[in-house]
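To keep things clear, I will list the structure first and then write my remarks on it.
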Amino acid sequence: MLTCVVLLSQLAVTNAPADEYFGKLKMSALRVRYETMQLEKRYETHQLLPEQAEHLLLLTEDSFDQWAARYPEDPWLPSTGLLIAALYAELPGEVASEHAVTLYVYVKVHFPHSRYGAESRAFLHRGVPTKADPPWAKAMRAAVPSAAPSAPPSPPLVSPSPSSTPPRE
């Protein structure tokens, strides 16, 4: 019985509670994982442009970073860190590849004996290239009409006549 109580008290300290929220978007640990998986799906199905996916992933990573700082022993951190890193690695640009490397290093250093630590080492060993903008994203941007510059307001079509206003006394 005492062992069970000690084990439960240790779990409470290492795991992030489901009702604790992190980062600018106030995401729970579960939400961080869910959002990352949804971003990946939306990006792969071309529902998000690379810059949109990167922006949302940066906000998700902000929540992940705060979660990791408060609960560094949470057993979900390595798999979530690897998940976020893998999505960054799919996005074009230097910012995305730098964030991918940073997260792979985080998982490798903080969870070296986990399978996620081994996967992170393998990704880092192969290298994380900076990807080019995908052709489908260029086509999507070209298809969206840009907003026309706003024209100055046009003068009124009918000017008020002097006889329509009552004379002042």
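The values are calculated or read from the model by the stated rules, or taken from the named source; none is laboratory data. These numbers come from a predicted model, not from an experiment. Heads up, the Cβs are rebuilt from the backbone with ideal geometry, glycines too, and the neighbour counts pull from every protein chain shown.
Cβ-Cβ under 6 Å, sequence separation 6+ or interchain: first residue in region 127-144 and touching a residue at least 24 places away in the same chain (Cβ under 8 Å), partner polar (S, T, N, Q). Which pairs?
So the pair list comes out as 128/97; 130/97.
Assess whether residue 118 counts as being farther than 23 Å from residue 23 by Cβ and at pLDDT below 95.
no
Please go through region 102-126 and give me each residue that is buried (at least 18 other Cβ atoms within 10 Å of the Cβ) and either of a type in the set (A, V, I, L, M, F, W, C) or closer than 18 Å to residue 40 by Cβ (or both), ordered by number.
103, 104, 107, 111, 116, 119, 120, 123, listed by residue number.
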